[in-house]
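The values are calculated or read from the model by the stated rules, or taken from the named source; none is laboratory data. Note that the coordinates shown come from a computational prediction; the quantities given were computed from them, not determined experimentally. Cβ: placed from backbone, ideal geometry, glycine included. Neighbour counts: every protein chain shown. Accessible surface areas use protein heavy atoms only, side chains included; no ligands, DNA or RNA. Shrake-Rupley method; radii C 1.70, N 1.55, O 1.52, S 1.80 Å.
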Amino acid sequence: MPEISVLMPVRNGEEYIREAIDSVLKQTFTDFEFIIMDDGSEDKTVEIIQSYSDSRIRLEKRKPNFIKNLNEGLALAQGDYIARMDADDIMHSDRLRIQLKRMKQNPDIVLCSSWAKRFQTDKEDMQLLQFGENYIDQPMLGFLKYNFLSHPTVMLKKAFLEMHDLSYEDYLCVEDYKLWFEIAKCGGKIFVEPQYLMFLRNSPKQVTILKQEEMLKQTIVVQKEILDYLLQNTPQNEVLYRLLVDWEELVKDKLVTWNLAFRLFYDILCKKMNKLSSLEKS
């Protein structure tokens, strides 16, 4: 069995998929399988994939149903670790080796992300994206502000997902955000490798651009769930719940926004947790 399963979904990705595939096959760590879930492509994507003879590539052709197909990929994965990949991005040649080494040296890590570099049509003028570093303390608080993990940078421990019956849920455009929340809720340790291991492409065809409005709506849904979880697990939370009810009314009247609410509650909860921590130490 391979140590790592690289999982890459794709739909109509003929423009960039060859670069993505090549970057995976050129990894310095070679003991992996490469599961490509084709989500009903209608262009030359499948033809390009089939032009490769590398035995590590496993093409699975499916009808369009992104979340279902992504979960099938998780189930098919034979590796102890699952590395996500998108069909328009490029892996650093040492990505798999570095993340695997980190997770094997620290068995408590369930999710290992990394920094990345964002680029447009070429690798000039790239922007370094830093998503925290090392072990993430209080990840739930961080998730309340925003999804600070980039999906294609993540490597997951499969046994943890199976133990807690975790998979991607039908949260359009933010299925990764929801999964990170559930992992944190189950006590999974999150680590961010403080070096760039992925090149993330900016493209007008990206879901974050094509479905931006729906993504924003679904992001708020997840943030509400995170806030509710945090409030449930915060001592003396009655005042905060009353504030949340009042805020919901203000949002309905379009006097404030949810983004402002999440920033406010983040600040309050940080101060409250720091206060509780100080009391415990005294």
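This table checks each residue for (1) among the hydrophobic types (A, V, I, L, M, F, W, C); (2) touching a residue at least 40 places away in the same chain (Cβ under 8 Å).
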site: Gln78; (1), (2): no, yes
site: Ile82; (1), (2): yes, yes
site: Asp89; (1), (2): no, yes
site: Leu96; (1), (2): yes, yes
site: Pro107; (1), (2): no, no
site: Ala116; (1), (2): yes, yes
Query raised in the report: Would you call Leu141 more than 14 Å from the chain's Cα centre (by Cα), of a type in the set (A, V, I, L, M, F, W, C) and not in a helix (DSSP H, G or I)?
Result: no
Query raised in the report: Given (1) of a type in the set (Ser, Thr, Tyr); (2) surrounded by fewer than 17 Cβ atoms within 10 Å (Cβ to Cβ); (3) modelled with pLDDT of 90 or more, where does Tyr171 come up short, assuming only one miss?
Result: (2)
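Looking only at the range 156-168, which residues are open to solvent by 20 Å² or more (accessible area, probe 1.4 Å) and under 15 Å from the mean Cα position of the chain (by Cα)? Can you show your working first?
Taking the range 156-168 first, the residues open to solvent by 20 Å² or more (accessible area, probe 1.4 Å) are 157-160, 162-167.
If the condition is that a residue be open to solvent by 20 Å² or more (accessible area, probe 1.4 Å) and under 15 Å from the mean Cα position of the chain (by Cα), then Lys157, Lys158, Leu166, Ser167 are the ones that fit.
Report yes if some residue within the range 60-72 is touching a residue at least 12 places away in the same chain (Cβ under 8 Å) and under 17 Å from Met91 (Cβ atoms); otherwise report no. Don't jump to the end; show me each part of the working.
Keep residues of the range 60-72 that are touching a residue at least 12 places away in the same chain (Cβ under 8 Å), which gives 60-67, 69-72.
Add one more test, that the residue is under 17 Å from Met91 (Cβ atoms), and what stays is none.
Looking for residues that are touching a residue at least 12 places away in the same chain (Cβ under 8 Å) and under 17 Å from Met91 (Cβ atoms), one finds none in the range 60-72, hence no.
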Report task. Could you check, for the range 166-182, whether at least one of its residues is among the aliphatic types (A, V, I, L, M), closer than 22 Å to Trp258 by Cβ, without any contact (Cβ under 8 Å) to a residue 40 or more places away in the chain and not in a loop (DSSP other than H, G, I, E, B)? Result -> yes
Report summary line: Conditions (1) closer than 22 Å to Gly132 by Cβ; (2) in a helix (DSSP H, G or I) -> Leu197 fails only (2)
Report summary line: Residue count, the range 43-77, condition closer than 18 Å to Val24 by Cα, open to solvent by 70 Å² or more (accessible area, probe 1.4 Å) and in contact with a Lys or Arg (Cβ under 9 Å, 6 or more places away or on another chain), comes to 1
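Restricting to the range 183-205, name every residue that is of a type in the set (D, E, K, R) and open to solvent by 20 Å² or more (accessible area, probe 1.4 Å). Full working, then the answer.
Narrowing the range 183-205 to residues of a type in the set (D, E, K, R): 185, 189, 193, 201, 205.
Across the range 183-205, the qualifying residues are Lys185, Lys189, Lys205.
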Query - Residue, nearest to the chain's Cα centre (by Cα), within the range 27-59, restricted to residues that are within 20 Å of Ala77 (Cα to Cα) and basic (Lys, Arg) - result: Arg58
Report task. Would you check which residues across the range 88-130 are within 25 Å of Met37 (Cβ to Cβ) and open to solvent by 70 Å² or more (accessible area, probe 1.4 Å) and list them? Result -> Arg97
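I need the helices (runs of 4 or more DSSP H) fully contained in the range 203-274, keeping only those with at least 1 residues that are among the aromatic types (Phe, Trp, Tyr). First the steps, then the outcome.
On the way: elements: 207-210, 212-232, 238-252.
Hits in the range 203-274: 212-232, 238-252.
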Report task. Scan the range 131-145 for residues that are touching a residue at least 24 places away in the same chain (Cβ under 8 Å) and open to solvent by 20 Å² or more (accessible area, probe 1.4 Å) and jot them down. Result -> Phe131, Gly132, Glu133, Asn134, Tyr135, Ile136, Gln138, Pro139, Lys145
